[in-house]
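Here is the structure we will look at, set down as structure tokens.
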Amino acid sequence: MSRPALSENWATLWESFAAARPDRVAVVLGDTEIRWGALDHRAAQLAAALSAAGIGPGARVAQLLYNCPEYLESAYATFKVRASTVNVNFRYRAAEIIHVLADSGSSVLVFHSSFADVVDEARRSLPRLALLLQVDADDGAELLDGAVDYESFLAEHEPMPPVARSGEDLLMLYTGGTTGMPKGVVWTHKGLFGALAYTGYASLGLELPVTVDEATRIATELSDSGTSPVNMTAPPLMHGTALFLAFSTFVLGGRVVMLGGRRFDPAELLRLVEREKVTQLSIVGDAFARPILDELQARSYDISSLRRIVSTGATFSAERKRALMAAAPEAMILDMIGASEGGPFALAVTPPGQDPPDTAEFFATPTTALIDPDTSALVEFGSGRSGVLASSGPMPEGYHEDDEKTAKTFRTIDGVRYSMPGDVAHIDADGRVHLLGRGSGCINTGGEKVYPEEVEVAARSHAGVADCVAIGVPDERFGERVVLIASLSSLASSEVPTLATDIIEHVRQQLAVYKAPRQIVFVDAVYRSPSGKADYAWARRAFAEGTAAS
């Protein structure tokens, strides 16, 4: 008979960890160490302040922040009052911020002072936004009119004592998906614990805890014995990958190491790996591996402490895997196909000393399935038929207030619930997974997902563009880059190279920079189907045949 799953709010787990190990370092953020006792104390103060302001169960607290102690404190405090965090990509423009905050129903926004201008622009369209908490990370920055200083807000309150919570409490992760604007993936705390903790405990041969006391005992024993992980997360906290990896590291008594700068700096990353004796490095494919390797070639770093390099969300080439394994010979490579909606859906594992294949060989996990998207029937491995890659096991409840998308992505077949975000594949009888792409045309650039129509709408608002189609094309560093196939309007008035620059800048003024095209191919006319739908196969041919203007 299987043991019942642990069902508890993450804040209750962390309170127990902090009480048992107050002087242990929880997080290293650049040159700043954050100990469990201090993290819990400040989060409890902020929780008391939020509660006094009427923020409680079911509320939404959005975070528009670079990596900083306040990010973790505000997340922890939000869980303490049984509210949900809402991650906001710090590259977003006002329209994108408005969408996320309005869609989530956020009533609080915690933001860096450096974002004051875009917050000021966005808040005019957010009548439900009741509290603006400004983190004054910039010396001498002025307080935005109507905002409250984070430190003053926190300091006015004594720490809130622990309260009763539930594993059914919700938290929300906004993800750039395949169907338009970012959508909120809704997890229960219980479901997220199951999804994150299982791999960690199982990899150490440990039985899953079913009580908070058991989880605390395991974390303490692993920490005391020196076998808990030291996990370096290269992506920023505003990505679910980084925040969720921090969660899974904490339950194993581990220490999380993060970049303190505002841009990805491979030199800072390698210095931290060397100084902190990092055992696991989490990256997003070649977008991170290539600059890391360039820095390793330029300067000498000791990264021999690494035992595992984990990548998810973007292409991780064999060339870069080999080079990283040469620099860290005891490390295994774990290349995962995952999503905010669950998984992992498939794994490519390269043990230490083994040469990775030229093309990544992904294999199904015990929870992997293949599903016919039209009939919802399971597709047998080895049948030669393709289907949508799916996974069972702990997963989100669905998408926030979107029953249609939830029903499409999360399906129950023969009493088993599956998550199937959209990757099309066929699977051999031995479990080897052959990816065929994502039917929706979603572009994945360095782990950031870009929906083509969003780029197209922004580009068509330029006077010089008659029509256009956005596609993703292979990119050595980022996996894919955004390319625009465009026809000119009668108002196009400049030379093609200048016009391309103008259009790219025009898109950048409306959308996050990573969504803007890197190149534009100009054509006489954009081909569309009789129904008016974009023909992405034609667009790819046009790119191959045309001359790209950067």
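Considering only segment 272-281, I want to know if a residue exists there that is at positive phi and over 18 Å from the mean Cα position of the chain (by Cα).
yes
Tally time: how many residues in segment 15-28 are within 26 Å of Trp187 (Cβ to Cβ), out of contact with any Leu (no Cβ under 8 Å at 6 or more places or on another chain) and not charged (D, E, K, R)?
Counting residues in segment 15-28 that are within 26 Å of Trp187 (Cβ to Cβ), out of contact with any Leu (no Cβ under 8 Å at 6 or more places or on another chain) and not charged (D, E, K, R) gives 4.
May I ask you to list the residues in segment 484-502 that are open to solvent by 10 Å² or more (accessible area, probe 1.4 Å) and not in a strand (DSSP E or B)?
Scanning segment 484-502 gives Ser489, Ser490, Leu491, Ala492, Ser493, Ser494, Glu495, Val496, Pro497, Thr498, Thr501, Asp502.
Let me confirm something: among Phe381, Phe316, which residue is over 30 Å from Lys190 (Cα atoms), in contact with a helix residue (DSSP H, G or I) (Cβ under 7 Å, 6 or more places away or on another chain), touching a residue at least 24 places away in the same chain (Cβ under 8 Å) and not small (Gly, Ala, Ser)?
Going through Phe381, Phe316 in turn, just one is over 30 Å from Lys190 (Cα atoms), in contact with a helix residue (DSSP H, G or I) (Cβ under 7 Å, 6 or more places away or on another chain), touching a residue at least 24 places away in the same chain (Cβ under 8 Å) and not small (Gly, Ala, Ser): Phe316.
Can you pull out the residues in segment 16-37 that are open to solvent by less than 50 Å² (accessible area, probe 1.4 Å) and either touching an Asp or Glu at 6+ places or on another chain (Cβ under 6 Å) or within 12 Å of Leu72 (Cβ to Cβ) (or both)?
Passing the criteria: Ala18, Val25, Ala26, Val27, Val28, Leu29, Ile34, Trp36.
For segment 346-355, which positions are polar (S, T, N, Q) and in a loop (DSSP other than H, G, I, E, B)?
Within segment 346-355, Gln354 is the sole residue that qualifies.
Taking Phe522, is it open to solvent by 10 Å² or more (accessible area, probe 1.4 Å), modelled with pLDDT of 90 or more and part of a strand (DSSP E or B)?
So Phe522 fits the description; yes.
Say whether the condition of being under 15 Å from Asp428 (Cα atoms), at pLDDT below 95 and charged (D, E, K, R) is met by at least one residue in segment 399-406.
No - not one qualifying residue is present in segment 399-406.
Out of curiosity, is Glu505 open to solvent by 60 Å² or more (accessible area, probe 1.4 Å) and among the charged types (D, E, K, R)?
Spelling it out, Glu505 is indeed open to solvent by 60 Å² or more (accessible area, probe 1.4 Å) and among the charged types (D, E, K, R).
Going through Leu46, Leu39, Leu13 one at a time, which residue ends up being closer than 20 Å to Leu129 by Cα, of a type in the set (A, V, I, L, M), in a helix (DSSP H, G or I) and touching a Phe, Trp or Tyr at 6+ places or on another chain (Cβ under 9 Å)?
Exactly one of Leu46, Leu39, Leu13 is closer than 20 Å to Leu129 by Cα, of a type in the set (A, V, I, L, M), in a helix (DSSP H, G or I) and touching a Phe, Trp or Tyr at 6+ places or on another chain (Cβ under 9 Å), namely Leu46.
Checking the condition at negative phi, assigned to a strand (DSSP E or B), modelled with pLDDT under 95 and not hydroxyl-bearing (Ser, Thr, Tyr), which residue from Gly343, Gly338 passes?
On inspection, the qualifying residue turns out to be Gly338.
So which of Ser113, Ser74 is small (Gly, Ala, Ser), within 26 Å of Gly261 (Cα to Cα) and under 19 Å from the mean Cα position of the chain (by Cα)?
Among Ser113, Ser74, only Ser74 is small (Gly, Ala, Ser), within 26 Å of Gly261 (Cα to Cα) and under 19 Å from the mean Cα position of the chain (by Cα).
With respect to Gly338, determine if the residue is crowded, with 22+ Cβ neighbours inside 10 Å and under 26 Å from Tyr418 (Cβ atoms).
Taking the combined requirement at face value, the residue does not satisfy it.
I'd like to check something: does segment 151-171 contain any residue that is more than 30 Å from Glu397 (Cα to Cα), charged (D, E, K, R), open to solvent by less than 50 Å² (accessible area, probe 1.4 Å) and free of Cβ contacts under 8 Å to residues at least 60 places away in the same chain? Write out each step before concluding.
Residues of segment 151-171 that are more than 30 Å from Glu397 (Cα to Cα), as a first pass: 151-159.
Within this subset, residues satisfying the condition of being charged (D, E, K, R) are 151, 156, 158.
Next, only the ones that are open to solvent by less than 50 Å² (accessible area, probe 1.4 Å) stay: none.
Among the residues of segment 151-171, not one is more than 30 Å from Glu397 (Cα to Cα), charged (D, E, K, R), open to solvent by less than 50 Å² (accessible area, probe 1.4 Å) and free of Cβ contacts under 8 Å to residues at least 60 places away in the same chain, which makes the answer no.
Hey, any hits in segment 408-420 for a residue that's touching a His at 6+ places or on another chain (Cβ under 6 Å), more than 19 Å from Ala195 (Cα to Cα) and modelled with pLDDT under 95?
no
Yes or no: Asp358 out of contact with any helix residue (DSSP H, G or I) (no Cβ under 7 Å at 6 or more places or on another chain) and assigned to a loop (DSSP other than H, G, I, E, B)?
Numbers: out of contact with any helix residue (DSSP H, G or I) (no Cβ under 7 Å at 6 or more places or on another chain): no; assigned to a loop (DSSP other than H, G, I, E, B): yes.
Here the answer is no, as Asp358 does not meet what is asked.
Just give me the residues in segment 411-457 being more than 17 Å from the chain's Cα centre (by Cα) and hydrophobic (A, V, I, L, M, F, W, C), in sequence order.
Ile413, Val416, Met420, Val424, Ala425, Ile427, Ala429, Val433, Leu435, Leu436, Val455, Val457
How many residues, within segment 380-392, are within 25 Å of Thr315 (Cβ to Cβ), more than 20 Å from the chain's Cα centre (by Cα) and either outside any strand (DSSP E or B) or modelled with pLDDT of 95 or more (or both)?
2
Check Lys408, Lys321 and return the single one that is farther than 30 Å from Pro4 by Cα and under 22 Å from the mean Cα position of the chain (by Cα).
So the residue among Lys408, Lys321 that is farther than 30 Å from Pro4 by Cα and under 22 Å from the mean Cα position of the chain (by Cα) is Lys321.
Which fully enclosed strands (runs of 3 or more DSSP E) of segment 416-483 have 2 or more residues being open to solvent by less than 30 Å² (accessible area, probe 1.4 Å)?
The qualifying strands (runs of 3 or more DSSP E) are 416-419, 423-427, 443-445, 448-450, 465-475.
When the residues of segment 361-379 are narrowed to those that are in a strand (DSSP E or B) and among the small types (Gly, Ala, Ser), which ends up most open to solvent (accessible area, probe 1.4 Å)?
Ala364
What helices (runs of 4 or more DSSP H) lie completely within segment 178-281 and have 2 or more residues being open to solvent by 40 Å² or more (accessible area, probe 1.4 Å) and at pLDDT 90 or above?
Per the criteria, 212-225, 266-276.
Could you look through segment 400-415, keep only residues that are without any contact (Cβ under 8 Å) to a residue 12 or more places away in the chain and part of a helix (DSSP H, G or I), and pick out the one that is least open to solvent (accessible area, probe 1.4 Å)?
Thr406
The values are calculated or read from the model by the stated rules, or taken from the named source; none is laboratory data. Quick caveat: nothing in here was measured; it's all calculated off a predicted structure. Ideal geometry is used to build each Cβ from the backbone, glycine not excepted, and the neighbour counts take in all protein chains shown. Protein only, heavy atoms only, side chains kept; ligands, DNA and RNA dropped before computing areas. Shrake-Rupley method; radii C 1.70, N 1.55, O 1.52, S 1.80 Å.
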